[in-house]
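The values are calculated or read from the model by the stated rules, or taken from the named source; none is laboratory data. Keep in mind that this is a model prediction, so the values were computed, not measured. All Cβ positions, glycine included, derive from the backbone under ideal geometry; neighbour counts span all protein chains shown.
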Amino acid sequence: MSHDTPSLFPHPGHASAPVLFALPSAEATARLAEWLAPQLGPGDVLLLEGEIGAGKTHFARSLIQARLSADGRHEDVPSPTFTLVQVYEAGETEIWHSDLYRLTSADEAIELGLLDAFETAICLVEWPDRLEDLAPPKALSLRFLPGSQPDSRVLALSFTDLRWAVLIDALQLERLRDV
Ligand SMILES: Nc1ncnc2c1ncn2[C@@H]1O[C@H](COP(=O)(O)OP(=O)(O)OP(=O)(O)O)[C@@H](O)[C@H]1O
Ligand SMILES: [Mg+2]
């Protein structure tokens with residue numbers, strides 16, 4: 001009987017076990033978003049999951065503002081609750097921030113141009129369950145779960161695309177160095 005060494009990475013196309021991070025404060029969530037901001041490029045999709053008030057917009061706002069301030073710009077980043085989508089020009093790329101809570105059907109996402117944006121822009125999507133099977137499999141999923149304190153959260157990261165494994169390894173290393 002042979003004993004294969006288990007692979008460090010899950011097989012492509014298979015969901016990994018979520019990677020968990022403690023977010024003890026709103027500032028910790030902002031710092032994580034600021035770390036991620038410069039690493040993203042066109043075609044990167046982040047699916048932001050969690051209940052109302054979980055911190056999805058806070059994370060997206062911190063990420064967008066970090067990206068804009070790298071270009072010397074300081075702008076308000078309102079929640080796209082009613083507009084469904086807000087688009088920001090960030091240097092060479094666009095950032096699409098969407099909140100699909102009020103989407104009436106998954107097809108409306110196509111009308112909004114979201115599917116094209118998944119290929120060409122950086123996309124931050126709140127309430128991605130509204131996309132049903134239109135959510136891109138290459139996306140990184142960030143699920144904001146309640147923590148033990150009012151201002152703490154647990155972030156569960158999951159993905160199938162190995163692009164994210166590399167990035168999350170780097171993030172874990174960075175955090176271990178901080179301990
Ligand atoms: N650890 C934390 N991480 C993120 N936000 C936190 C944290 N602790 C407290 N907060 C606060 O929780 C609130 C989260 O609100 P936010 O609008 O981001 O929620 P949301 O997930 O986008 O909700 P909705 O589904 O209504 O869009 C903010 O006021 C934020 O400051
Ligand atoms: Mg929100």
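Output the residues belonging to the range 95-111 that are within 14 Å of ligand 2 (Cβ to nearest atom) and not in a helix (DSSP H, G or I). First the steps, then the outcome.
From the range 95-111, those within 14 Å of ligand 2 (Cβ to nearest atom) are 97-103; that's our starting set.
His97, Ser98, Asp99, Leu103 - these are the residues of the range 95-111 that are within 14 Å of ligand 2 (Cβ to nearest atom) and not in a helix (DSSP H, G or I).
For the range 75-85, the condition of being away from ligand 1 (no atom under 16 Å from the Cβ) and at pLDDT below 95 holds for at least one residue.
Checked against the criterion of being away from ligand 2 (no atom under 16 Å from the Cβ), crowded, with 19+ Cβ neighbours inside 10 Å, of a type in the set (A, V, I, L, M) and closer than 17 Å to Ala33 by Cβ, the candidates Leu140, Leu114 yield just one match: Leu140.
Pick from the range 33-53 the residues that are surrounded by fewer than 20 Cβ atoms within 10 Å (Cβ to Cβ) and among the hydrophobic types (A, V, I, L, M, F, W, C): which of them is farthest from ligand 1 (Cβ to nearest atom)? Across the range 33-53, the extreme among qualifying residues is Trp35. With respect to the conditions (1) under 22 Å from Ser158 (Cβ atoms); (2) away from ligand 2 (no atom under 15 Å from the Cβ); (3) crowded, with 19+ Cβ neighbours inside 10 Å; (4) of a type outside the set (Phe, Trp, Tyr), Lys56 falls short on a single one, namely (2). Among the residues of the range 57-68, is there at least one that is more than 26 Å from Gln149 (Cβ to Cβ), part of a strand (DSSP E or B) and either more than 9 Å from ligand 1 (Cβ to nearest atom) or at pLDDT 95 or above (or both)? No, that holds for no residue. Applying a threshold of 8 Å to beta carbon distances and a minimum spacing of six or more residues, or different chains, the list of pairs starting in the range 99-124 at a residue that is within 15 Å of Ala139 (Cβ to Cβ) and ending at one that is crowded, with 21+ Cβ neighbours inside 10 Å and among the hydroxyl-bearing types (Ser, Thr, Tyr) reads Leu114/Ser98; Cys123/Ser98; Leu124/Ser98.
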